[in-house]
């Protein structure tokens, strides 16, 4: 059971590892792009390409899904970023239980956006946890964990790709050990150390230049390449910030302190503490561009605002 690219990485590793994937369950097709073209999720695309039966239920709580589950009769259900709560009749169905790949070092960052929240919070490391599922939100017993540093240049994309590979490797190890009859470790989570990683809302992505530059740098990297952090110009239009870096400088937050056309260029903006060099942006209604390209097409005044 899974939906986005991280689930595809795990599914592909299972298929290439020779495991018997009886079927996949994924979310329904969603409108995508400006034309709102109905598009299947990545797991559905992969399943179709590899001849794996795929189901896209609107709910897991009706008789139709219960009947389908009995027909497939899985010994083990693996869940990776599925996006739906599993009801008790599903959790209790397979002989070996339901096992989840969660992209954090539990019990920290339970919830929908663990990778984004860890980067946004300036954490020095993150990781993946393989866990048994129960009725709670990412509260089940842990099986295996593996950590990785979060560097000063890491983005959501780079962290996602590392965790996807780590999760896939640990998941295959878990399934292999079940096949071999080994007893998997079960470590209870310390609920007193839990944190919640809420879904990213539009308000979370808004850049407030009154905040310290280091915090905004974390925010921008945590939301790159999607959905991207943004700020609102005085005329009400928005500008997405695709990449940036902290810099030295001081002034009224939001004020342009300096500009440069060297190489890719930058637009240095004062923050509550320090400054931020905007390196690449996407103005509303325009394509992505470097700061230098933006500067060549618009008049940006030092001492003014963007």
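Read-outs: derived from the displayed coordinates by stated rules, not from any lab. Please read these numbers as outputs of a predicted model, since none were measured by experiment. Quick reminder, even Gly has a Cβ in these numbers, built from the backbone with ideal geometry, and neighbours come from all protein chains shown.
Things to note:
- Annotation for region 213-255 versus region 45-69: alpha-carbon center distance of 41 Å.
- On Cα atoms only, tilt of 156-179 relative to the major axis of the chain in degrees: 10 degrees
- Cα pair count fraction exceeding 35 Å, expressed as % - the chain: 31 percent
- Ranked packing of 274-285, 58-69, most packed first, by mean Cβ within 10 Å: 274-285, 58-69
- Ranked by how many other beta carbons lie within 10 Å on average, peptides 247-255, 39-47 from highest: 39-47, 247-255
- Mean separation of Cα contacts under 8 Å, 6 or more apart, over the residue count of region 5-197: relative contact order %: 21 percent
- In region 204-297, the DSSP beta bridges split such that about 90 percent are antiparallel, to the nearest 5.
- Highest-first packing order for the peptide set 83-89, 105-111 is 105-111, 83-89, based on the mean count of other beta carbon atoms within 10 Å.
- Angle between the chain longest axis and helix 5-16 axis [Cα atoms, degrees, rounded to 10]: 40 degrees
- Compared with the dominant principal axis of the Cα atoms in the chain, helix 63-72 is inclined by about 70°.
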